[in-house]
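Here the structure comes first, spelled out in structure tokens, and everything after it is commentary.
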């Protein structure tokens, strides 16, 4: 029987761990993810494992954005992605963008009349300038029909193949959501992140990924991304402390469930609507 020194045993464990992680993540190409093992935090806690997102920008929505399938189908698919991807990715949708822009331009106001008053009172705009300034209703009106959840078809009115893809995504999302947060590889607690990765409190709180189409909202996306480009984005997809050795099994279980969700999202995006 071969006996390993402690350093050799550690290297062996690291190689096995890295190979297993890569094997699990191999089926994901929607985004680039990296796994990092961290030593105990500043408070002397247990080791932890972080999942970091290395992709930036708009998620490629495929046929949902650029295809000519019925709007009701595309809206159903987009709504499902909007409701599920936040479980595994640092990502934001339209409502987050709208709220950020409301704070940025209109001091939090979301109705046109109040936004106009804000532009006059706090930004020094005059009546003539208001005609050329974006207001909440104008921003909302730029949303393509497939971005509006109310346009989504009911499940029973969708083609069978699309309905199955949506059901698979929903089941994967619920399976991951059913895990306890302390055993979930994809859990993000900002206080825990600060403890294990000093300096992250200086980063922007903005996630690096978005479901908002750049074509319609380029200016708004650029405006809120400016701070992230300068200070860094909140790119942690999950950070899970491991107080006991057997927690590694729970971590891998959660990792696989998250990957199943991402693969289900990939399959939905890559669906060929002409074959439905």
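Computed from the coordinates by the stated procedures, all read-outs in this text should not be read as laboratory data. All values derive from a computational prediction rather than experimental measurement. Neighbour counts run over all protein chains shown; Cβ positions are idealised from the backbone, glycine included.
Some points to look at:
- With helices as the sole contributors, the chain gives -16000 deg cm²/dmol at 222 nm; each DSSP H run of n ≥ 4 counts as -39500 (n - 2.57), and the sum is divided by every residue.
- Nearest-ten-degree value, helix 94-106 long axis tilted from longest Cα axis of the chain: 60 degrees
- Radius, Kirkwood style, for segment 123-276 when every pair of distinct Cα atoms is counted (Å): 19.4 Å
- Antiparallel bridges, percent of DSSP beta bridges restricted to segment 6-275 (to nearest 5): 75 percent
- Segment residue 104-residue 26, length gained on full extension (0.36 nm per residue, minus Cα span): 24.1 nm
- Taking other C-beta atoms within 10 angstrom as a stand-in for reagent exposure, 219, 171 fall in the order 219, 171, fewest first.
- If you look at the Cα atoms of the chain, you get an Rg and a Dmax of 21.9, 85 Å.
- With the alpha-carbon atoms of segment 147-210 aligned to their principal axes, the span from lowest to highest coordinate is 50, 27, 16 Å, starting with the largest.
- Computed lengthening from residue 276 to residue 17, 0.36 nm per intervening residue step minus Cα-Cα distance: 89.2 nm
- Pairwise centroid distance, computed over Cα atoms, of segment 178-197 with segment 214-276, Å: 15 Å
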